[in-house]
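Below you'll find the structure, written out as structure tokens, and then a few comments.
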Amino acid sequence: MSCKTVCKIRVRYGETDQMGYVYYGNYALYLEQARTDWLRKMGHTYKSLESENVLLPVTQLSINYHAPGHYDDLLEIETTLIQKPAVKIEFSYTIYNQENKRLVTAQTTLAFVDKKTGKIRQAPDYLLESIDKNMKS
């Protein structure tokens, strides 16, 4: 399965530490931005999901740091859907800098949760249809 998108983020000064590297915790924020961009490219937003009473909390996060990012780097984040979702959705990520050097690889798992009941639910049909459509194009 390949349902991949690319998101670009420029590192801001406040996202770096005293060593001049991107602070490690900020990569989770970059992954979130890449995920929301992936969802938008599928024709949806977190806001629209939430208005349909669907929440997507992160249940697992794994990050491997290969090289540091720096202030003003233009990061390219490849976000790939690992498999078609059911009650959870899994993504893999690779973050490169402007020299195409691999900085980070990561994976996240998010669960589909009913906003009203707080219980696990199936992925909404409209999202599954969007994924199928985007995989064909």
Just checking, does the stretch 32-39 include any residue being surrounded by 15 or more Cβ atoms within 10 Å (Cβ to Cβ), among the basic types (K, R) and in contact with an Asp or Glu (Cβ under 9 Å, 6 or more places away or on another chain)? no
Which pairs have Cβ atoms under 8 Å, sit 6 or more apart or on different chains, and link a residue in the stretch 38-54 that is over 15 Å from T79 (Cβ atoms) to one that is among the charged types (D, E, K, R)? E50/K115; N53/D114; N53/K115; N53/K116; V54/D114; V54/K115; V54/R121
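Determine whether the stretch 55-66 contains at least one residue that is in contact (Cβ under 8 Å) with a residue 24 or more places away in the chain, farther than 30 Å from D125 by Cβ, of a type outside the set (D, E, K, R) and in contact with a His (Cβ under 8 Å, 6 or more places away or on another chain). Spell out how you get there, then give the answer.
Step one: list which residues in the stretch 55-66 are in contact (Cβ under 8 Å) with a residue 24 or more places away in the chain, which gives 55-66.
So of that shortlist, the ones also farther than 30 Å from D125 by Cβ come out as 63-66.
Right, trim to of a type outside the set (D, E, K, R) and you get 63-66.
Those still in the list that are in contact with a His (Cβ under 8 Å, 6 or more places away or on another chain) too: none.
No - not one qualifying residue is present in the stretch 55-66.
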Those helices (runs of 4 or more DSSP H) completely within the stretch 21-137 that have 3 or more residues that are under 15 Å from the mean Cα position of the chain (by Cα) and not hydrophobic (A, V, I, L, M, F, W, C) are 26-41
Only one residue in Q122, Q107 is within 16 Å of A28 (Cβ to Cβ) and modelled with pLDDT of 95 or more. Which one? Q107
Of these, V58, V87, V22, which one is surrounded by 13 or more Cβ atoms within 10 Å (Cβ to Cβ) and out of contact with any helix residue (DSSP H, G or I) (no Cβ under 7 Å at 6 or more places or on another chain)? V58
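The values are calculated or read from the model by the stated rules, or taken from the named source; none is laboratory data. These figures come from a predicted structure and were not determined experimentally. Cβ sites come from the backbone with ideal geometry, for glycine too, and all protein chains shown count toward neighbours.
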